[in-house]
Amino acid sequence: MNLVLNEEETMIKDAANDFLFENAGPDHLRNLRDDPDSKGFSVSLWGQMIDLGWPSLLVPEEFGGLDFSNVGMGQIMQQVGCHLATSPLLITGILGVTLLKNSSSNHWKAKILPLIAQGKTKMAIAIDETSRHDPQVIQTKLTPKAGEYVLNGTKLNVVDGQVADSFIVIAKIPSEKPKETDDICFVIVDSNQQGISVKNNLLIDSRKTSSLIFSDVKVTDKQILKFNESSESILQKLLSTANIYLSAELLGIAEKAFELTMQYLKTRSQFGVKIGSFQALQHRSANLWAEIELGKSIVLKALRSLDEMDQDINKIASMAKAKTSKIAENATNEGIQMHGGIGMTDEFYIGFYLKRAKVSQLLFGDWKYHLDRAAYLSGY
Amino acid sequence: MTNLSLFRESTRSWLADNCPKSMREPMLEKDICRGGRNHIFQSNDQKIWLDRMASKGWTAPTWPIEFGGAGLCKEQAKVLREELIAIEARPPVSGMGISMIGPAILEFGSETLKKQHLPAMARGEIRWCQGYSEPNSGSDLAGLQTKAENFGDHLIVNGQKVWTSYGDDADWMFCLVRTNTDVGKHSGISLVLFDMETKGVTTRPIQLISGTSQFCETYLDDVRVEIDQIVGEIDAGWTVAKYLLTHEREALGKMGSSPVERSIKEQAITCLDLTNGRLNDEVIRKELIDWEIDYFCHQLTSERVNAEIASSGVGNTSAMLKYYGTELNKRKYELLISIHGSESMHWEDNPVSRQWLRSKGNSIEGGTSEIQLNIIAKRILGLG
């Protein structure tokens, strides 16, 4: 496996960096936070991303997309982390596209994928029902009723739920085979459908998520997404995809937090010398640098494994998320500590990285969750 | 078919015909062939394997043919390495000759030195040791005091070296000596070569906490070294030394990957057992996966860095790989102790006890972890 970026991948990384350096970053994030009408992401930045074709990158050509690789898209997510860019790209442009692409429901593919590619729709994916991520716990239920279904249940921590045009909801459905436990399924519902209530939560990183309550929402059989493999395996792969892209973002966050900290160590003087000359700080910095180098390798490995449809993708995804979560945690915590008092102020950038890093770590499972998942998938 | 795939095909068939079956079996420490005048071949196969590989020039594949190599380009050498790994072939010879001083002589040495030393090295006839550390210069290597007085056609060397790996079995030493005391400490050093049988050279093994004595002290009393045995310019040995240390770091950075022993995971499952697919100790399970992830990341990084620097030679990441790899190896043995429990304390019949003790030296030899962190902070991060 090639662990070096090719020319095309390097180009997209550099282009994303240049673009986001101009149009995103902590100052933009601060403006978003202070905007009383904030939707939890930057509407103008999303518009620019659409103009650049980012939501179409992973969409297959037949649906108006560019059919680009995950390694390529991963470079963008890494830069999204570096520049704290806020947008529906992860959920709609990556996870929504991946899920629909793998589905065998041609109706929905033909209907939604072109809209995503053109930036004309936003989705949300409702998975979690517990505050601490645990996809084994699904109580939202699709119950047969008069030839159709009704959907009931509560979903938490739904990213972009506040702005989505449609939701993909993971729900239990009675098994087709009698006596067996319920299956899970993916239901597409319009966010305007009757019986859905949305409650928004403002997060520490100035983004928003929603809690969704479904009360007797009417669902037809057509709204259940079909796949050529088990829904359980599709869900695991979807979560792995999410966690691999979050790993790329966390790596970008760690890299930038580290860079800001190194700049500070080279400019701040105490005791008449630059504080970067103190060995206590040098060794911790060198250790962090080594960790970030390891993070780069596992993120690239994970993205390539996604493109190559590696059989171990779930294990690799958990390894990547566990590792990058720890790296980003260390880089941002050490960043605050090494900045000293001013690291605690809103004026300096490092705090914004601390906040986003923690939200990304927790989303779809943190370090501890993924350590355990990786161990389980490794056979112990 | 490209030239490279033709080369792969011919290499594969040559190896199939020429690598004895017993040389493809898992290897223990005692099975390593280090060559040298006093080497006793463990088996006829071991000798045949070395002779055949040496006659192909494949013990040092990228060296020029006239110096005992095969003149392969990097891509061909990679193919050869891959084919050797594919059949699980043992290295025909290993040691500090081909991996360390050989490349340095090739890079910095005179034609005389190349002709004199490289072919014998490639054939495994001469075993080398390294005279770097001294009792008063460990981490501060450039502070070394072993003195070499210049008498025109030869030097007279006096001093003491320590931590000379396999000094008592080696035939020749590459040794850092101070040839000039009037200049800065980095400027007055030379790298010299001499036969360990030269009058005035004595070695004494050092017994370690693990019970073994792989290292020696070497005493140098009025040792005569010919002037043409200086590698590179006189007084400019620090450059060569740094080049060599990078090679050493790279080798040590690959630690923790021994194909011989069972994986820690297998050992954990054997010792602790599974219930419903989960290891019966939650804390060890967590420590183990944490270690496995870091180990995997380290391997990937080594792979990535090698790919990145394939065109530009030695990179600046060797300090990081050495630091991380050796710390991982220490963690591994701490974990194995927990897994094996009190049996791991048995001095005679459980190898973990001595391996654990020995691993404590990993983050000291070849430059301590702290020195590696200094290198990263200063040279890579630019922290002054």
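The values are calculated or read from the model by the stated rules, or taken from the named source; none is laboratory data. Please read all numbers here as calculations on a predicted model, not as lab measurements. Please note: Cβ atoms are built from the backbone with ideal geometry, for glycine as well, and neighbour counts cover all protein chains shown.
One residue stands out among those in segment A:196-213 that are under 17 Å from the mean Cα position of the chain (by Cα) and of a type in the set (Val, Ile, Thr): the one that is surrounded by the most Cβ atoms within 10 Å (Cβ to Cβ), which is A:Thr209. All told, A:Asp165 falls short of being in contact with a Pro (Cβ under 9 Å, 6 or more places away or on another chain) and within 22 Å of A:Ile116 (Cα to Cα). Within segment B:35-66, being assigned to a helix (DSSP H, G or I) and among the hydroxyl-bearing types (Ser, Thr, Tyr) holds for one residue alone: B:Ser55. Hey, can you tell me all the residues within segment A:274-296 that are more than 7 Å from every other protein chain (Cβ to nearest Cβ), aromatic (Phe, Trp, Tyr) and either closer than 17 Å to B:Lys322 by Cβ or touching a Pro at 6+ places or on another chain (Cβ under 7 Å) (or both)? Result: no residue meets the conditions. Test of understanding: among A:Leu100, A:Leu84, A:Leu66, which residue is under 17 Å from the mean Cα position of the chain (by Cα), outside the structural domain of A:Val189 (by TED's automatic domain parsing) and in a loop (DSSP other than H, G, I, E, B)? After applying the criteria, what remains is A:Leu84.
Entry remark, segment A:259-284: residues being buried (at least 21 other Cβ atoms within 10 Å of the Cβ) and in contact with an Asp or Glu (Cβ under 8 Å, 6 or more places away or on another chain) number 1 in total.
Evaluate segment A:231-247: report whether one residue or more is crowded, with 20+ Cβ neighbours inside 10 Å, in a helix (DSSP H, G or I) and within 13 Å of chain B (Cβ to nearest Cβ). Yes, because at least one residue in segment A:231-247 is crowded, with 20+ Cβ neighbours inside 10 Å, in a helix (DSSP H, G or I) and within 13 Å of chain B (Cβ to nearest Cβ). Filtering segment B:84-141 to residues that are over 18 Å from B:Leu193 (Cα atoms) and small (Gly, Ala, Ser) leaves B:Ala86, B:Ala89, B:Ser94, B:Ser137, B:Gly138, B:Ser139. Among the residues of segment B:140-194, just one is crowded, with 21+ Cβ neighbours inside 10 Å, of a type in the set (Ser, Thr, Tyr) and at pLDDT below 95, namely B:Thr164. When segment A:31-52 is filtered for residues that are among the polar types (S, T, N, Q) and farther than 29 Å from A:Asp14 by Cβ, only A:Ser38 remains. Scan segment B:295-309 and give yes if some residue there is surrounded by fewer than 16 Cβ atoms within 10 Å (Cβ to Cβ), modelled with pLDDT under 95, more than 12 Å from every other protein chain (Cβ to nearest Cβ) and not in a helix (DSSP H, G or I), otherwise no. The answer is no; no qualifying residue exists.
Quick check on A:Leu306: is it within 24 Å of the chain's Cα centre (by Cα), at pLDDT 95 or above and within 11 Å of chain B (Cβ to nearest Cβ)? So A:Leu306 does not fit the description; no.
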